[in-house]
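Below: the structure, in structure tokens.
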Amino acid sequence: RASILTGQYANRHKINDFVTNFSPEALSNTYPILMRNSGYYTGFIGKYGVGNQLPEKAFDYWKGFPGQGVYFYKDGKGDSIHSTDMMGNQAIEFINGREKSKPFCLSVSFKAPHVQDGSPIHNGYIYSPYYENYYTGYPVPPSTTGSDDYYLALPETFRFDSRGIPNEARVRWDLRFSTEAKYQESVKSYYRLVTGIDDVVKRIVEELKKKHLDENTIIIFSSDNGYSLGEHGLEGKWFGFNESLRVTTIVYDGRKPETKNTVEELVLNVDIAPTILDFAEINIPETMQGQSLRPLIEHKATNWRTEFYYNHLLETSNSKVYLPKSEGLVMDDIKYIRYFNGNNPDAYFYEDLYFTKTDPLEVSNLANNPAFAEKKRTLIKHLKSLRKSLE
């Protein structure tokens with residue numbers, strides 16, 4: 001979320017946990033604040049996700065919350081309301097109550113489909129009762145890489161830390177995917193949460209049409225992470241597998257609704273902020289490391305990246321959970337990821353090397369294959385160079 005707001009890699013914004021706040025300077029260079037300073041009426045709804053100092057006064061309309069939030073709240077009448085529906089109501093309120101003389105920028109940050117940690121209801125994927133009968137007519141096919149064989153292929157150091165604490169992704173897999181009944185309940189509940197988002201997005205779009213704003217509004221639909229629904233014997237989004245790294249991103253320009261194209265280039269979460277500023281014709285700060293997607297969207301020639309650096313550096317050594325850290329280099333057809341504990345990524349204990357065009361499920365790890373030793377050395381050298389360049 002910090003990367004989405006700042007357009008920066010974690011190497012630069014240094015937010016690798018749930019408690020670190022933006023410095024005043026860093027906050028001033030996030031896209032919502034830059035837009036407000038340029039005359040936009042701004043709003044934020046939902047999960048803020050960056051530290052615990054909520055920047056309420058930096059927005060014209062604020063309905064954000066700290067931490068993970070919950071799935072049910074009380075509305076103004078004291079009735080229970082699902083968080084997704086509540087955020088939809090707030091978005092409508094923003095559209096109708098905004099200062100009409102100004103252009104607007106609204107960020108809606110759904111809790112769904114994140115689990116509600118600690119809740120046994122639907123294994124934590126607590127959907128609105130409205131969707132109770134959705135997806136009931138057939139079983140969800142099992143994950144292709146969901147069997148124990150794929151998890152046991154990972155080294156013991158990945159599966160347990162030095163204290164004997166199991167990998168948190170496996171702990172959560174056990175809670176939600178370890179039996180057929182759990183798997184069906186979890187995946188269908190997850191789908192119901194996503195469908196709830198779809199319906200609220202539809203409500204927001206229809207409100208824009210009703211107010212004759214749709215033809216001059218740009219909508220960006222994306223996520224802060226992917227998600228493993230049992231693939232590789234894991235749950236969650238902490239590692240370099242495609243299920244974690246890849247997210248849906250849709251950009252709709254109401255001024256050119258007929259424009260349709262699927263972009264094959266490597267697009268990143270750090271590109272969202274500069275894209276928004278570019279469309280708003282606001283200068284993109286040099287502190288931003290992403291690229292505007294506008295040339296890709298408008299079919300214009302541009303010098304685009306052919307690779308990217310990835311890392312996940314959440315520190316868990318002082319907690320009761322274990323998640324190994326990771327970094328990697330991702331190209332169009334090759335992915336190299338390595339895992340480590342501590343603060344030195346060069347002291348890694350495990351490597352992944354996949355040729356993703358021919359092995360899209362990432363099941364044939366070639367990192368220890370002597371035939372690719374020279375290729376791996378080249379990738380590592382380039383990875384280190386990229387890491388240094390992003391600070």
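The values are calculated or read from the model by the stated rules, or taken from the named source; none is laboratory data. It should be emphasised that the depicted structure is a prediction, and the values quoted were computed from it without experimental measurement. As a convention, Cβ positions derive from the backbone with ideal geometry for all residues, glycine included, and neighbour counts pool all protein chains shown. Just so you know, the surface numbers come from the protein's heavy atoms only, side chains and all, with ligands and any DNA or RNA stripped out. Shrake-Rupley method; radii C 1.70, N 1.55, O 1.52, S 1.80 Å.
Quick notes
- Area of Thr248 that stays accessible when all protein chains are in place (1.4 Å probe, Å², to 10): 90 Å²
- Sorting Ser222, Ser292 on solvent-accessible area from highest to lowest, probe radius 1.4 Å, gives Ser222, Ser292.
- Using a probe of 1.4 angstrom and keeping all protein chains present, the accessible surface of the chain works out to 50 square angstrom per residue.
- Across Lys188/Lys260; Lys77/Lys100; Lys102/Lys209; Lys260/Lys357; Lys47/Lys188, pairs whose alpha-carbon gap is larger than 21 Å: Lys188/Lys260; Lys77/Lys100; Lys260/Lys357; Lys47/Lys188
- Across the accessible surface of the chain, with the other protein chains kept in place and a 1.4 Å probe, carbon and sulfur atoms take up 51 percent.
- Distance in nm between pseudo-label sites at Thr20 and Asp117 (7 Å out along the Cβ direction from Cα): 1.8 nm
- Percentage relative contact order, the stretch 10-115, counting C-alpha pairs under 8 Å, at least six apart: 29 percent
- Taking Lys and Arg as +1 and Asp and Glu as -1, the other residues whose beta-carbon sits under 10 Å from that of Lys182 total -2.
- DSSP bridge pairs, the stretch 1-150: antiparallel proportion in percent, nearest 5: 20 percent
- With Cα atoms, 0 to 90° folded angle of helix 373-389 axis to the chain main axis: 40 degrees
- 20 Å reach of a label modelled at Asn89, 7 Å along Cα-to-Cβ, counting backbone N of the stretch 26-70: 43-48, 61-66, 69-70
- Peptides ranked, highest mean first, by Cβ atoms within 10 Å: ranges 152-164, 98-110: 98-110, 152-164
- Top of His114, His82, His212 by mean-square fluctuation, Gaussian network on the chain, Cα under 10 Å: His212
- A simple rule links phi to the HN-Hα coupling: the Karplus curve 6.51 cos²θ - 1.76 cosθ + 1.60 with θ = phi - 60°, which for the stretch 354-370 gives 10, 9, 6, 5, 9, 9, x, 7, 6, 10, 10, 7, 9, 4, 9, 7, x Hz, with x for Gly and Pro.
- Under 15 Å from the Arg246 label point (7 Å along Cα→beta-carbon), backbone N, the stretch 344-369: 354-364
- Two-site label geometry, Ser319 and Val140: point separation in nm, points 7 Å out along Cα→Cβ: 2.4 nm
- Counting DSSP beta bridges with both ends in the chain, the antiparallel % (nearest 5): 70 percent
- For a label point 7 Å along the Cα-to-beta-carbon line of Ala371, residues of the stretch 336-357 with backbone N under 20 Å: 336-337, 351-357
- Shown here for the stretch 180-280: trypsin sites (Lys or Arg not before Pro) in loop regions (DSSP other than H, G, I, E, B) with at most 15 other Cβ atoms within 10 Å, namely Lys211, Arg246, Arg255, Lys260.
- Among 228-236, 38-46, the order from most to least packed when residues are scored by Cβ within 10 Å on average: 228-236, 38-46
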